[in-house]
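Asks: Take this structure first; my questions come after.
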Amino acid sequence: MLADRLTEVFRFWRFSLLSLLLVVLPFTFIGFGIQLALGAPLHVEEDVLLINWPTLALLALLYPIASGALIAQLAAIQQGQAASLAQCAAASLRYAAILLFTYALLGSAVYIGLIALILPGIWLYTRLSQGPFIVMLEQQNAIEALRQSFARTEQHQWQIMIGIMVLAGVILLVTLLSASLSQAVAGESPLADVMHLLITAPVGILLDILIFRFYSLQSAQA
């Protein structure tokens with residue numbers, strides 16, 4: 001069953017990649033521009049981790065808008081017609097505040113779980129991951145969306161969790177290989193960062209497609 005879902009994920013990714021990148025890449029490079037202008041959100045000086053709060057705040061505000069736009073595009077593609085960047089961004093902006101609150105709650109729960117023993121954090125992400133999709137596609141508030149996500153994922157929670165871990169491993173492997181390749185080609189430069197983003201951004205979509213696939217299946221059964 002999980003093998004079927006993963007096959008569906010890669011098939012969806014292969015046939016819809018250009019339409020998905022139409023939405024993903026602009027937000028990716030907006031985030032990159034923020035970091036170029038204000039500095040990285042985190043950096044280490046003399047073994048001390050320092051937080052760049054302006055960058056972190058802007059990226060935190062950008063993330064739910066970018067995520068909502070991707071969710072809108074996934075839904076549009078499934079309905080048979082990809083949407084434009086403007087349409088996806090407009091749909092996302094309507095729910096940006098609710099999405100921000102949803103991700104804040106989701107992120108807090110996952111962070112607590114990761115601190116505990118790592119696996120509880122992954123399990124909590126598994127159970128709550130459909131929350132942003134429910135906000136965007138069913139117009140629910142943040143708390144209700146997360147509650148419904150927890151209920152809907154109960155039946156297939158272990159399939160979803162293993163699928164998330166498999167695809168996270170693929171994304172991590174590609175990220176490490178991309179970092180080595182981009183530095184070997186362009187060294188420590190903005191060009192290397194751009195190359196890295198162009199390689200990793202397409203692969204990062206896989207996790208969203210997996211969650212969307214299970215969301216769609218469980219919504220159809222509800």
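The values are calculated or read from the model by the stated rules, or taken from the named source; none is laboratory data. As the structure is a computational prediction, the values presented were derived from the model and not from experiment. Neighbour counts run over all protein chains shown; Cβ positions are idealised from the backbone, glycine included.
Asks: Among the residues of the stretch 180-199, write down those that are outside any helix (DSSP H, G or I), of a type in the set (Gly, Ala, Ser) and on the phi < 0 side of the Ramachandran plot.
Replies: Selection gives Ser189 alone.
Asks: Does the stretch 95-104 contain at least one residue that is within 18 Å of the chain's Cα centre (by Cα), at pLDDT 95 or above and not in a helix (DSSP H, G or I)?
Replies: yes
Asks: Considering the stretch 143-172 alone, what residues qualify as being farther than 19 Å from Ser108 by Cβ and part of a loop (DSSP other than H, G, I, E, B)?
Replies: Glu154, Gln155, His156
Asks: Which condition number does Phe12 fail, the rest of (1) out of contact with any Phe, Trp or Tyr (no Cβ under 9 Å at 6 or more places or on another chain); (2) crowded, with 17+ Cβ neighbours inside 10 Å; (3) closer than 23 Å to Ile164 by Cα being met?
Replies: (1) is the only condition that Phe12 fails.
Asks: Does the stretch 181-194 contain at least one residue that is touching a helix residue (DSSP H, G or I) at 6+ places or on another chain (Cβ under 7 Å) and either under 27 Å from Ser92 (Cα atoms) or of a type in the set (Asp, Glu) (or both)?
Replies: Yes: the stretch 181-194 contains one or more residues that are touching a helix residue (DSSP H, G or I) at 6+ places or on another chain (Cβ under 7 Å) and either under 27 Å from Ser92 (Cα atoms) or of a type in the set (Asp, Glu) (or both).
Asks: Restricting attention to the stretch 59-92, which residues are closer than 17 Å to Phe133 by Cβ, not hydrophobic (A, V, I, L, M, F, W, C) and not in a helix (DSSP H, G or I)?
Replies: Gln79
Asks: From the list Phe32, Phe10, pick out the single residue that is within 24 Å of Gln87 (Cβ to Cβ) and part of a helix (DSSP H, G or I).
Replies: Phe32
Asks: For residues that are farther than 20 Å from Arg11 by Cβ and of a type in the set (Val, Ile, Thr), tally how many sit in the stretch 153-210.
Replies: 6
Asks: Right, here's the next one. Which count do you get for residues in the stretch 196-215 that are over 11 Å from the mean Cα position of the chain (by Cα) and within 12 Å of Gly163 (Cα to Cα)?
Replies: Here the count works out to 2.
Asks: From (1) within 18 Å of the chain's Cα centre (by Cα); (2) touching a residue at least 24 places away in the same chain (Cβ under 8 Å); (3) closer than 27 Å to Thr7 by Cβ, pick out the condition that doesn't hold for Gln159.
Replies: So Gln159 meets the others, but not (1).
Asks: Would you check which residues across the stretch 36-58 are out of contact with any strand residue (DSSP E or B) (no Cβ under 9 Å at 6 or more places or on another chain) and either touching a residue at least 24 places away in the same chain (Cβ under 8 Å) or not in a helix (DSSP H, G or I) (or both) and list them?
Replies: Once the filter is applied, which keeps residues that are out of contact with any strand residue (DSSP E or B) (no Cβ under 9 Å at 6 or more places or on another chain) and either touching a residue at least 24 places away in the same chain (Cβ under 8 Å) or not in a helix (DSSP H, G or I) (or both), the stretch 36-58 yields Leu36, Gly39, Ala40, Glu45, Glu46, Asp47, Val48, Leu58.
Asks: Just name the residue that is farthest from Ala201 (Cα to Cα) out of those in the stretch 53-83 that are of a type outside the set (A, V, I, L, M, F, W, C) and buried (at least 16 other Cβ atoms within 10 Å of the Cβ).
Replies: In this case the residue turns out to be Thr55.
Asks: For Gln140, state whether it is outside any helix (DSSP H, G or I), crowded, with 17+ Cβ neighbours inside 10 Å and modelled with pLDDT of 95 or more.
Replies: yes
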